[in-house]
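These notes concern the structure reproduced below.
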Amino acid sequence: MLYQKSLYLYRGEARAGIHYKELADYLQQLFPALEIVPRDDIFRKALLTGEAAQGEKMIRSWARRLAALKIVNPAEEFRELEPFPAEVKFEIKKITAPEKIRGGPLYEGVQLSQFLSELIPVSEPPGECIHIIITDRLFATWNDDDRRYHARVSIYNFPSIISTAGIVEAPAKPREFYIKLRMGFNREGLKDEFSGRFIDYDDPRLTEVLKGYLLQAILFHLQGEPFCLDPNCRLYNAHFQEEVLRAQLHSPYEFCPRHREILHLLNSDISTPPPFLVS
Ligand SMILES: [Zn+2]
C-alpha cells in the first residue's frame, strides 16, 4: 500500500532539457502519500553510504563491472569479456565526473539492472521501496524473435532504469528520416528537418517525456502492469518517436479513463488507512 512506500529517484547526469526537481514535484503531486525522495546519482549515493577509505577501490571495481557489460556485437548473445584497460578508465571517468563524459558503450540491460541492484541499500528492499534510476547510459535487451539486441528506453525491475539516451535512440524515428538517410542526405540536416517529430539529446521536451516513463515504472512496482493500449495515455508503450511525442506532449488528455481510475484508487488507498492503523 502506498502510504508505507518510499520512492527513491536517482538523478542522472546533468543534461540540458532534464529538470529533476520538476520530475520529483510532478510525482509527488500525483501520488501525495508516496514518500518521494530525490537522490544523487546511484554511484555518488553508494559512495556516500560506503566507507570513505574504500571509495577508490569501489569505483575501480564498479568501472570494471560496467566495462564488462558492453555489448560488442548486437547480433550475438552477450557473453562477458575481460574489458580493456581503456574501457575501465572510461568508466572510472564517467562515474567520477559524469557531467563531463558523454556517450559510451551499449550495455547489456538486464545485467546492468542486476549490477545496479547491488548498489541499493539492503535496508530499502522491494515491497517497501521503489527505486528508479535515470541515466544517460544506453542499454539494450536481447530479442529471441529476430535474435539481436534492441536499444531500450527502460527496464522495469528492482531497480527500474530509465535511459535518456534510450529516449533518443530506441523509439524509431519517422520512416522518411531513414529513407532520406539512405538516400545520402546529411544526418544533421535531417535532424533539423524532422526536429518536431523526434526527441534529440538535450531536447527541452525530455523532462515531459521522462514523466511518462517514471509513471510506467511506478505502476510496474505498484501493479505489475506498466503499459496502456491507449496511444493518448501517458502509459502508452510507444515504439515510435512520434508516438512518444503524442502520448507525452500532444495528447488531448493526460490519462485514459482506466488509468485515471487506477490513479484515483491507488491514492484512495493512501487516504484511508486500514483499521489496524487506527488508534
Ligand atoms: Zn491508460
Problem set entry | Of residues in region 192-233 being within 18 Å of Pro159 (Cβ to Cβ) and more than 16 Å from the ligand (Cβ to nearest atom), the one surrounded by the most Cβ atoms within 10 Å (Cβ to Cβ) | Leu210
Problem set entry | Conditions (1) farther than 25 Å from Gly17 by Cα; (2) exposed (fewer than 12 other Cβ atoms within 10 Å of the Cβ); number of the one not met by Lys100 | (1)
For this session: With a cut-off of at least 3 residues that are modelled with pLDDT of 95 or more and in contact with a helix residue (DSSP H, G or I) (Cβ under 8 Å, 6 or more places away or on another chain), name the helices (runs of 4 or more DSSP H) lying wholly within region 203-277.
Result: 206-223, 241-248
Problem set entry | region 72-105 - residue that is in a loop (DSSP other than H, G, I, E, B) and among the hydrophobic types (A, V, I, L, M, F, W, C) and, of those, farthest from Arg147 (Cα to Cα) | Ala97
Seminar exercise, completed: Residue hits (region 168-179; of a type in the set (A, V, I, L, M) and in contact with a strand residue (DSSP E or B) (Cβ under 9 Å, 6 or more places away or on another chain)) are Val168, Ala170, Ala172
Seminar exercise, completed: Within region 106-131, of all residues that are assigned to a loop (DSSP other than H, G, I, E, B) and acidic (Asp, Glu), the one nearest to Ala165 (Cα to Cα) is Glu118
For this session: Answer yes or no: is there a residue in region 67-90 that is out of contact with any Pro (no Cβ under 7 Å at 6 or more places or on another chain), exposed (fewer than 15 other Cβ atoms within 10 Å of the Cβ), modelled with pLDDT of 95 or more and among the basic types (Lys, Arg).
Result: yes
Exercise. Condition test on Arg15, is it surrounded by fewer than 18 Cβ atoms within 10 Å (Cβ to Cβ), touching a Ser or Thr at 6+ places or on another chain (Cβ under 7 Å) and basic (Lys, Arg)?
Worked result: yes
Exercise. Which residues, taken from region 234-254, are aliphatic (A, V, I, L, M) and either within 13 Å of the ligand (Cβ to nearest atom) or crowded, with 21+ Cβ neighbours inside 10 Å (or both)?
Worked result: Leu235, Ala238, Val244, Ala247
For this session: Report whether or not Lys100 is out of contact with any helix residue (DSSP H, G or I) (no Cβ under 6 Å at 6 or more places or on another chain) and of a type in the set (D, E, K, R).
Result: yes
Problem set entry | Residue check for Arg175: among the basic types (Lys, Arg), surrounded by fewer than 13 Cβ atoms within 10 Å (Cβ to Cβ) and within 18 Å of Glu243 (Cα to Cα) | yes
Exercise. Restricted to region 148-158, and to residues that are part of a loop (DSSP other than H, G, I, E, B) and modelled with pLDDT of 95 or more, which residue is nearest to the chain's Cα centre (by Cα)?
Worked result: Val153
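The values are calculated or read from the model by the stated rules, or taken from the named source; none is laboratory data. Just so it is clear, the structure is predicted and the values come from calculations on it, not from any experiment. Positions of Cβ are generated from backbone atoms using ideal geometry, with glycine treated the same way; all protein chains shown enter the neighbour counts.
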